[in-house]
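First the structure, in the form of structure tokens, and then the observations on it.
The values are calculated or read from the model by the stated rules, or taken from the named source; none is laboratory data. Keep in mind it's a predicted model, so treat the numbers as computed, not measured. For neighbour counting, all protein chains shown are included, and Cβ atoms are generated from backbone atoms with ideal geometry for every residue, glycine included.
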Amino acid sequence: MSTLTATPDTPESAQAAPAGPVYRVTGRRVLFSEWAKLWSVRSTWITLGLGLLFLVAFGVIAASHYRSGLHSGRPMDRDFASATAVSLSLFGTNFAQLALGVLGVLITAGEYSTGMIRSTLVAVPRRLPVLWSKAAVYGLVALVVATFGAFVAFLAASRIVSGTPIAMGLGHAGVARSLLGAGLYLGLVGVIGTALGALLRSVAGGISVLVAALMLVPGLISLLPSSWQGDIDPYLPSHAGASMFAVAHDSTTLSPAAGLLVLLGWTALALAGAAYRLLRSDA
Amino acid sequence: MIDAQQLTKRYGQKTAVDDLDFTVKPGTVTGFLGPNGAGKSTTMRMIVGLDAPTSGSVTVNGRRYARHQAPLQEVGALLEAKSIHPGRSAGNHLRALALTHGIPRRRVDEVIELAGLGSVAKKRAGAFSLGMGQRLGIAAALLGDPQTVMLDEPVNGLDPEGVLWIRNLLTSLAAEGRTVFVSSHLMSEVALVADHLIIVGRGRLLADTTVRDLVREAGGDTVKVATQHPTRLRDVLSGPGVEVIGRVGSEELQVTGMTAREIGLKAAEHGIPLFELTAKAVSLEEAFMDLTRDAVEYHGSMTGADTSGSTA
């Protein structure tokens, strides 16, 4: 068939190939397909909505809590002593990362649990374009949703804390960078979730590893001797991410750019593992 | 055209597919038969590249499946019943698959109609009955207007109307010159549509034959004759389309191509006494069972020792 397409419109080839249209798989088409798949299941809408809700609601709650603490006259909670308008408004990233990461896992591991992966890989038997498309499509969607959520959370929270010592506007140095950093962090967490799902091929396994990496390992590290802690701690995915959206940095944290690089490294590692498994093992 | 060469798949100690060689040709329906666990599904998964062969190779239209520019246009496959996301509608499922190949929406609507899914295309596929799920799988298989159609146990879960629909679909696809490869563990089902048969058991090739040859080899349509004058009877009966087999010195002859009635009349005409005249009716099912008896993976306990069908 493919040799016939080289000589189109001659009568002989028209006779020999009555099949008519000649289709072809391209990277762009796989991307469109994954885009269509993402939006045609309900869990996408629900989980993205939850992520957005967590991001905005917890930011507002944190800001309200700060404000009421300030006016109550009682000594400030330790958590709030070093709070900034940005840190309060991004309080929800902790929860939003779960929602967005879990959706990432569902997008890949969910195909294995439902059997959809067979249809997917029969259509695209070269396989890797599927992984790249899923990661790109979902990473972008998570990035856009999270960035939007971060800005909304900040606008709402900064209105609540206006007039307090920590009041900040969008124009303040580092604010826009922090909010974009938060969106980027959550987008990359989404990609990491996608990669973990493809690597482990199990929804439960993917979510467990994701939660462990983002929330449990940092706690375990604190059990290590303190001399080691300083070497490891800033490079954990969640801490590298936190340095991307923190306004203030000190010697124990990475700079935003370094944080981004470290997180990109983790993402690349997870994707490489996922690609290896996808190519090497039977679906 | 599907071409398997020394195709082998091992899972640890277990060999699922063992050194299979076969060719599936265009223009006919080829049945892929074997008891449960014979390696049919694994073979089909290797054909479309879901499983990698441990050794050997299988090509579709001259190339490995994954090497084709438009795989869905080469092979349309229905694998184990549900290869769908239950939360996605049938229409969206097909559209997402079509997008990977640039297959137009018009074609998606066509296969939805063809599979009789028009009224449920917007419903979540998870709510489908087994039969509807099969129809959706077949719609997906036909999406790329493929040269080769490969269906794994397509009639499973279908109602009689659906079974009939599949049969007509398969024969019409073959009549269009396509390669049609259908697996089943039921001989009776395959015999109705297939011309060619590839029979496997425990991953090995047991027979690569036609329906007619299988029946003949299994002794179907033969008549056993015992007579005092086997040599004379042989001469009398011989003619075009008639085959007479007998051992030297034995009174028994196996005759194919004539009915018992015709043989009896012929013998009487020539005054040859007959001692025995038995039509051996071997059904395809029995031929298949004979062939695969040793290869059946999971034996049920049998109440009678003899299952050769002699009591039937």
**Message:** If I ask for residues that are closer than 19 Å to B:VAL108 by Cβ and either without any contact (Cβ under 8 Å) to a residue 40 or more places away in the chain or at the interface with chain A (Cβ under 7 Å from one of its Cβ atoms) (or both), which ones from region B:63-80 would you list?
**Reply:** B:ALA70, B:PRO71, B:LEU72, B:GLN73, B:ALA77
**Asked** Can you find even one residue in region A:25-46 that is at the interface with another protein chain (Cβ under 10 Å from one of its Cβ atoms), in a helix (DSSP H, G or I) and modelled with pLDDT under 50?
**Response** no
**Request:** Please find, among B:ALA174, B:ALA140, the residue that is surrounded by 24 or more Cβ atoms within 10 Å (Cβ to Cβ) and either in a helix (DSSP H, G or I) or of a type outside the set (Ser, Thr, Tyr) (or both).
**Result:** B:ALA140
**Request:** Only one of these is farther than 21 Å from B:PRO26 by Cβ and either buried (at least 17 other Cβ atoms within 10 Å of the Cβ) or not charged (D, E, K, R) (or both): B:ASN156, B:ASN168. Name it.
**Result:** B:ASN156
**Message:** Against the condition at pLDDT below 80, surrounded by 13 or more Cβ atoms within 10 Å (Cβ to Cβ) and over 19 Å from B:ALA38 (Cα atoms), how does B:VAL296 come out, does it pass?
**Reply:** no
**Item:** Hits in region B:207-234 (condition: within 13 Å of the chain's Cα centre (by Cα) and either within 11 Å of B:LEU33 (Cβ to Cβ) or in contact (Cβ under 8 Å) with a residue 60 or more places away in the chain (or both))
**Value:** B:ALA207, B:ASP208, B:THR209, B:VAL211, B:LEU214
**Asked** Is there a residue being outside any helix (DSSP H, G or I), touching a residue at least 60 places away in the same chain (Cβ under 8 Å) and either closer than 24 Å to A:GLY174 by Cβ or touching a Pro at 6+ places or on another chain (Cβ under 6 Å) (or both) anywhere in region A:248-259?
**Response** yes
**Prompt:** Which of the residues that make up region A:244-283 are hydroxyl-bearing (Ser, Thr, Tyr), under 21 Å from A:GLY190 (Cα atoms) and more than 16 Å from the chain's Cα centre (by Cα)?
**Reply:** A:TYR276
**Request:** With respect to B:VAL182, determine if the residue is touching a residue at least 60 places away in the same chain (Cβ under 8 Å), crowded, with 17+ Cβ neighbours inside 10 Å and assigned to a strand (DSSP E or B).
**Result:** yes
**Asked** What helices (runs of 4 or more DSSP H), lying completely within region A:53-171, carry at least 2 residues that are within 14 Å of chain B (Cβ to nearest Cβ), buried (at least 20 other Cβ atoms within 10 Å of the Cβ) and in contact (Cβ under 8 Å) with a residue 12 or more places away in the chain?
**Response** A:93-114, A:116-123, A:128-160
**Prompt:** Say we look at region B:45-54 and pick out the residues that are part of a loop (DSSP other than H, G, I, E, B) and touching a Phe, Trp or Tyr at 6+ places or on another chain (Cβ under 8 Å); which of these is farthest from B:THR23 (Cα to Cα)?
**Reply:** B:GLY49
**Request:** Give the residue, chosen from B:THR8, B:THR42, that is β-branched (Val, Ile, Thr), part of a helix (DSSP H, G or I) and at negative phi.
**Result:** B:THR42
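Each row is one residue, and each column tells you yes or no for (1) within 13 Å of another protein chain (Cβ to nearest Cβ); (2) closer than 22 Å to B:LEU170 by Cβ; (3) surrounded by 16 or more Cβ atoms within 10 Å (Cβ to Cβ); (4) aliphatic (A, V, I, L, M).
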| site | (1), (2), (3), (4) |
| --- | --- |
| B:TYR11 | yes, no, no, no |
| B:THR15 | no, no, yes, no |
| B:GLY37 | no, no, yes, no |
| B:VAL48 | yes, yes, yes, yes |
| B:ALA52 | yes, no, no, yes |
| B:ASN61 | yes, yes, yes, no |
**Prompt:** From the set of residues in region B:81-119 that are more than 12 Å from B:ARG135 (Cα to Cα), more than 7 Å from chain A (Cβ to nearest Cβ) and surrounded by fewer than 18 Cβ atoms within 10 Å (Cβ to Cβ), which is nearest to the chain's Cα centre (by Cα)?
**Reply:** B:GLU110
**Message:** I need every pair where a residue in region B:147-173 that is within 22 Å of B:MET46 (Cα to Cα) has its Cβ under 7 Å from the Cβ of a residue that is surrounded by fewer than 19 Cβ atoms within 10 Å (Cβ to Cβ) and at pLDDT below 90, sequence separation at least 6 or different chains.
**Reply:** B:ASP152/B:GLU80; B:ASN156/B:ALA81
**Fill in**
Exception for B:GLN5 within (1) modelled with pLDDT under 95; (2) farther than 18 Å from B:ASP145 by Cβ falls at (1)
**Fill in**
Of the residues in region B:193-230, those that are in a loop (DSSP other than H, G, I, E, B) and modelled with pLDDT under 85 come to B:ALA218, B:GLY219, B:GLY220, B:ASP221
**Request:** For B:GLN69, indicate whether it is out of contact with any strand residue (DSSP E or B) (no Cβ under 9 Å at 6 or more places or on another chain) and either more than 21 Å from B:GLY157 (Cα to Cα) or crowded, with 16+ Cβ neighbours inside 10 Å (or both).
**Result:** yes
**Request:** Give the number of residues within region B:30-39 that are in a strand (DSSP E or B) and out of contact with any Leu (no Cβ under 9 Å at 6 or more places or on another chain).
**Result:** 0
